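Working notes for the structure below.
None of the figures in this text is laboratory data; all of them are computed from the coordinates on show. Small disclaimer: the values here were computed from a predicted structure and weren't measured. Cβ coordinates were reconstructed from backbone atoms using ideal geometry, including for glycine residues, and neighbour counts include every protein chain displayed.
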Amino acid sequence: MKKIIASIIFVCVSIISLFTLFGCHSKDNPNLGGSNAGQTGNGGNTIDSPAVTIGTETYRGFLVDNVYHSKNNGDIHFHIYVPESYDGNKPYALYVSLCGYGGYYFQGIGINLRQENFVFEAQKYNSEMIIVAPQLNDWGNSSANQTVALTEFLLSEYKIDETKVYANGYSGGGETLSLVMAKKPELFSAILHVSSIWDGELEPLVNSKVPVYFVIGESDEYYGSARISATYETLCRLYKAQGLNDEQIKVLAVLDVKPRSYFIERGTSNQHGGGGLFAFDERIMGWLFNR
């Protein structure tokens, strides 16, 4: 019954979003699909691979609705921002942002770009960073497998600094991210887990020692905060069992439970929907991109 009623509403929203998104699309980054088309990712701003169908529209600098045709995981839709300065000679950072419910592909092409601001705010922290917004269709194992496959493909297609590969997951995207970290945590340098719960095993995360920042509203209307707080406590115990001290654990795991006042001061009483406000919080986003 996971938000079944909401999905009916989004059938109508999806149709509207197509006209809104593409009727007002931007040409903020003309090199995407423009003058550099046909160059490889390692030598230009576009992907040149028979495994990818390139999108034809842009929105706020993102090339919209590219499709990676994965042999084992089907078609993977994603939007991508490549800075104009990227020429393949210098390794850039990579940031993967997994959206929550309401931003999935079946709910409207590119709607995740219109509903969440993590990918746009991220540009303020590193001008030499490729940013990807996969648009998946669920929050479970199939999306986790697609996220892993897409990330691995991008790491091979672009010249990436593998010490600066970041990810966040908001709400359902946080559930997906937890499964990703149970499968291939070594792909990432640090992750931000937003307004969600942890569905994956913790041992792979502990063994890889990838830093994670958990942030959620104290009275999150959808998940509450008790479950992710328990996850954090378990994570800390696992690290202590490995012999790490409190200071070392603080570097690897952060729990940030926001009180009601945090949201009220920012103009909302909804703590789950208000999780989108974390994109504008310099302390939270700065933590991620300073790893």
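Before moving on, here are some points about what is shown:
- The phi-based Karplus calculation (6.51 cos²θ - 1.76 cosθ + 1.60; θ = phi - 60°) puts the 3J(HN,Hα) values of the stretch 103-111 at x, 6, 4, 5, 9, x, 4, x, 5 Hz, whole numbers, x for Gly and Pro.
- Taken one residue at a time, the phi angles of the stretch 150-165 give Karplus couplings (6.51, -1.76, 1.60, θ = phi - 60°) of 5, 4, 4, 5, 5, 5, 7, 7, 10, 7, 10, 6, 6, 8, 10, 10 Hz. Gly and Pro are set to x.
- Interchain or long-range residues, amide H under 5 Å from Tyr222's placed H: His272
- Restricting the calculation to Cα atoms, the stretch 149-282 shows an Rg/Rh of 0.99 when the hydrodynamic-style radius is the Kirkwood one.
- Taking Lys and Arg as +1 and Asp and Glu as -1, the other residues whose beta-carbon sits under 15 Å from that of Ser269 total -1.
- Environment charge of Val180, counting only residues whose C-beta is closer than 12 Å and scoring Lys/Arg +1, Asp/Glu -1: -3
- The count of lysine pairs in the stretch 68-209 whose Cα atoms are under 21 Å apart, excluding pairs fewer than 8 places apart on the same chain, comes to 13.
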